[in-house]
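Data block below; observations after.
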Amino acid sequence: MRSPYSPIQLALFLFAVGMLLALVQLGVLSIAFGKLGLSLGSTLLLLFASLFGSALNLPLLSIRTEMPPDAALPPPLRGLLRQAVNEYRGRTLIAVNVGGCLVPIGFSLYLLAHQPLPAWKVLVSVLGVAAVSYRMSRPIRGVGIGMPVFVAPICAALIALLLDPSRSAPLAYIGGTLGVLIGADLLHLPDIRRMGAPIASIGGAGTFDGIFITGIVAVLLA
């Protein structure tokens, strides 16, 4: 069966894998997840679960949406994915991305179970990042939700350092990842009908979307 992905997209995916391996070799991700109490083996497991889980979208429901304008997506970007796959037919499939949503949520629950974090601090952190993410994110017709990459992690790190400097790393990860999920994705669900995207995946592109980057950068800064 012919792959739905273009050669350019496959090349970008392989480049991403190479970059991840280089980062692990340099110790950047080891430092980040080490602050969360993970060993190198656990770090690699979480990392590749996020990476390969980003290719999996679990469908929830399909809704009727508006037809996007022809110029919604610049022609150079349209070539990254063959048009037969993303053909718009007046409906949008709402799905949950495994690598960009379920894996970060699962790891956040793990941290909550193993770190003595007061519930009110977690709530303030998540709501603070969610408010900033909602304010800074915008629906992009034909594509999805866009947001400046480093706004959420900086916000998560600052809130965590103010609330609990001794446990800022796990608090920054939880607040950052869950805050972006709520503020950038869930609170923008009503905008899906006007985006004209064939699929709206909660958790975005998975590994390299704002949620994953937010978690890593927030921990490094905290």
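The values are calculated or read from the model by the stated rules, or taken from the named source; none is laboratory data. Owing to the predicted nature of the structure, the values given are computational and were not obtained by experimental measurement. Positions of Cβ are backbone-derived with ideal geometry, glycine not excepted, and every protein chain shown enters the neighbour counts.
Residues of the range 148-171 being under 14 Å from F212 (Cβ atoms) and either polar (S, T, N, Q) or crowded, with 24+ Cβ neighbours inside 10 Å (or both), which ones?
Step one: of the range 148-171, the residues under 14 Å from F212 (Cβ atoms) are 149-150, 152-153, 156.
Scanning the range 148-171 gives A152, P153, A156.
I'm checking my understanding of the structure. Among residues of the range 183-196 that are crowded, with 24+ Cβ neighbours inside 10 Å and either under 22 Å from I31 (Cα atoms) or in contact with a Ser or Thr (Cβ under 7 Å, 6 or more places away or on another chain) (or both), which one is modelled with the lowest pLDDT? Spell out the reasoning first.
Kept after step one, since they are crowded, with 24+ Cβ neighbours inside 10 Å, are these residues of the range 183-196: 183-185.
With the extra rule that they be either under 22 Å from I31 (Cα atoms) or in contact with a Ser or Thr (Cβ under 7 Å, 6 or more places away or on another chain) (or both), the set shrinks to 183-184.
Details: G183: 91, A184: 87.
Among them, the one singled out is A184.
Being within 15 Å of the chain's Cα centre (by Cα) and touching a residue at least 24 places away in the same chain (Cβ under 8 Å) is the filter; apply it to the range 144-171 and report the residue that is farthest from Q115 (Cα to Cα).
Per the criteria, the residue is G144.
Could you grab me the full set of residues in the range 163-178 that are among the small types (G, A, S), closer than 18 Å to Y134 by Cα and in contact with a Leu (Cβ under 8 Å, 6 or more places away or on another chain)? Lay out the reasoning, then the answer.
Our first condition is that a residue be among the small types (G, A, S); within the range 163-178, this holds for 166, 168-169, 172, 175-176.
Checking the rest, the ones that are also closer than 18 Å to Y134 by Cα come to 172, 175-176.
The answer is A172, and nothing else.
Cβ-Cβ distance below 6 Å, separation of 6 or more or different chains: which pairs start in the range 187-201 with a residue that is farther than 11 Å from I140 by Cβ and end on one that is in a helix (DSSP H, G or I) and of a type in the set (F, W, Y)?
L187/Y134
Could you give me the residue pairs with C-beta distances under 7 Å whose first residue belongs to the range 31-44 and is in a helix (DSSP H, G or I), whose second residue is modelled with pLDDT under 75 and of a type in the set (G, A, S) wherever it lies, and which are 6+ apart or on separate chains?
If the second residue must be modelled with pLDDT under 75 and of a type in the set (G, A, S), the pairs left are L40/S30; T43/S30.
Among the residues of the range 156-166, is any more than 19 Å from A32 (Cβ to Cβ), modelled with pLDDT under 90 and assigned to a helix (DSSP H, G or I)?
Checking the range 156-166: not a single residue is more than 19 Å from A32 (Cβ to Cβ), modelled with pLDDT under 90 and assigned to a helix (DSSP H, G or I).
Please specify each residue of the range 127-143 satisfying the condition of being part of a loop (DSSP other than H, G, I, E, B), over 15 Å from the mean Cα position of the chain (by Cα) and crowded, with 19+ Cβ neighbours inside 10 Å.
Selection gives G142 alone.
Any residue in the range 90-98 that is over 26 Å from R64 (Cα atoms), in a helix (DSSP H, G or I), of a type outside the set (K, R) and in contact (Cβ under 8 Å) with a residue 40 or more places away in the chain?
No.
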